[in-house]
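Student: Encoded as structure tokens, here's the structure I'll be asking about.
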Amino acid sequence: MADADYLRTNKALWDERVPIHLASDFYDVAGFKAGGQTLREFEPAEVGDVTGRRLVHLQCHFGLDTLSWARRGAHVTGLDFSEKAVEAARTVADETGLQARFVVADVYDAPMVLGETYDIVYTGLGALCWLPDIDRWAETVTSLLRPGGFVYLAEFHPFADTLDDEEGRSVTYDYFAEGPQIWDEPDAGSYADPQAPVQHTRSIEFVHGLGEVVTALTTAGLRLDFLHEHDHTLWQRFSVLERHGPAYRLPEGRPRIPLMYTLRATRPLD
Ligand SMILES: C[S@@+](CC[C@H](N)C(=O)[O-])C[C@H]1O[C@@H](n2cnc3c(N)ncnc32)[C@H](O)[C@@H]1O
């Protein structure tokens, strides 16, 4: 598939979702503007103190997570290929008085476009599935890090993505699927507002197994610090999931499976 095909298709989908997400309860922009933050409890706990650290958020959407790191004292840059998302991120930054640099670019162009390195590369939560080449992504991440800096990735678990959408009981999708996966879900709205009417319903996505992601990062020269698997997720991934605050879990008594993972990998000192 030509690069332009997946980029054009996915960009149309993401551009259309920006105003829907801005208006959604899921993202609660008003709450953020009132002083809230959007990071999940485990993220600051696993990343540690970011005061004064230079952090870049790849695939930042309209920047609430990026700006949440700024509220915790980081010097932040956010990057996304959607102009509409970046415009919205800049507006939220202006309205909240938070300092941030937001840049429009494809992830793979980040080192060239940003022209600087960082203490922390932060990304995930529905990011890797949009990228065709995970080795190239790992090389991109590595070249954005100063020696001693680290990448922190929080992502939905690829094993959970093999299971049927209702009960999450039977293996339905191929864990080792290669090449683009083309989805068209006219009635699905968006994860942040399933009822929202949408026109751009086609997406071109890519499956990246856990071994593939870790191997890509270590091959690119990073040292794995930890890989944690989590028994909960952040949205109604399967209709049987039960909400406990911000976490969605399988009902009591069902054997647990990993629904998310987080990892940190460090660029060794030269
Ligand atoms: C699921 S969202 C990430 C969500 C984010 N963690 C959040 O909740 O705010 C995926 C983001 O990736 C961006 N994206 C997809 N493909 C991209 C690419 N090739 N380069 C840069 N950004 C991309 C989309 O515009 C979208 O904002």
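Student: Condition first: open to solvent by less than 20 Å² (accessible area, probe 1.4 Å) and of a type in the set (Ser, Thr, Tyr). Now tell me which residues in segment 67-107 satisfy that.
Tutor: Passing the criteria: SER68, THR77, SER82.
Student: Next up: Of the residues that sit in segment 232-260 and are part of a loop (DSSP other than H, G, I, E, B) and polar (S, T, N, Q), which one is least open to solvent (accessible area, probe 1.4 Å)?
Tutor: Checked segment 232-260; the qualifying residue least open to solvent (accessible area, probe 1.4 Å) is SER239.
Student: Just a yes or no: is a residue in segment 169-187 crowded, with 16+ Cβ neighbours inside 10 Å, of a type in the set (S, T, N, Q), within 19 Å of the chain's Cα centre (by Cα) and not in a loop (DSSP other than H, G, I, E, B)?
Tutor: No, that holds for no residue.
Student: Only residues in segment 236-252 that are farther than 18 Å from SER170 by Cα count as the first member; pair them with residues that are among the hydrophobic types (A, V, I, L, M, F, W, C) and open to solvent by 50 Å² or more (accessible area, probe 1.4 Å), Cβ under 9 angstrom, at least 6 apart or cross-chain, and list the lot.
Tutor: Note: pairs meeting the criteria are TYR248/TRP235.
Student: Which of the residues spanning segment 34-43 are away from the ligand (no atom under 15 Å from the Cβ) and farther than 19 Å from GLU229 by Cβ?
Tutor: ALA34, GLY35
Student: Continuing with this model, one more query. Under 9 Å by Cβ, and 6 or more places apart or on different chains, what pairs join a residue from segment 1-23 that is away from the ligand (no atom under 12 Å from the Cβ) with one that is in a helix (DSSP H, G or I)?
Tutor: From residues that are away from the ligand (no atom under 12 Å from the Cβ), the pairs are PRO19/LYS84; PRO19/ALA88; ALA23/VAL29.
Student: Still on this structure: Given the criterion within 12 Å of the ligand (Cβ to nearest atom) and among the hydrophobic types (A, V, I, L, M, F, W, C), identify the matching residue among LEU98, LEU64, LEU55.
Tutor: Among LEU98, LEU64, LEU55, only LEU64 is within 12 Å of the ligand (Cβ to nearest atom) and among the hydrophobic types (A, V, I, L, M, F, W, C).
Student: What number of residues in segment 128-161 are more than 16 Å from the ligand (Cβ to nearest atom) and buried (at least 19 other Cβ atoms within 10 Å of the Cβ)?
Tutor: Number satisfying all stated conditions: 4.
Student: How many residues are part of a loop (DSSP other than H, G, I, E, B) and under 25 Å from ASP3 (Cα atoms) when one looks only at segment 148-168?
Tutor: Residues that pass the stated criteria total 1.
Student: Picking from GLU229, GLU205, GLU212, which residue would you name as being touching a His at 6+ places or on another chain (Cβ under 7 Å) and either surrounded by 14 or more Cβ atoms within 10 Å (Cβ to Cβ) or of a type in the set (Ser, Thr, Tyr) (or both)?
Tutor: Only one candidate passes the filter, namely GLU229.
Student: List pairs: first residue in segment 124-147 and closer than 20 Å to ARG53 by Cβ, second residue surrounded by 21 or more Cβ atoms within 10 Å (Cβ to Cβ) and among the charged types (D, E, K, R) anywhere in the structure, Cβ distance under 7 angstrom, at least six positions apart or on different chains.
Tutor: Once the first residue is closer than 20 Å to ARG53 by Cβ and sits in segment 124-147, its partners that are surrounded by 21 or more Cβ atoms within 10 Å (Cβ to Cβ) and among the charged types (D, E, K, R) give THR142/ARG267; LEU145/ARG267; PRO147/ARG267.
The values are calculated or read from the model by the stated rules, or taken from the named source; none is laboratory data. Since this is a predicted model, take the numbers as computed values, not measurements. Because the Cβ atoms are built from the backbone with ideal geometry, glycine has one as well, and the counts that use them run over all protein chains shown. Just the protein is used for accessible areas: all its heavy atoms, side chains included, with ligands, DNA and RNA removed. Shrake-Rupley method; radii C 1.70, N 1.55, O 1.52, S 1.80 Å.
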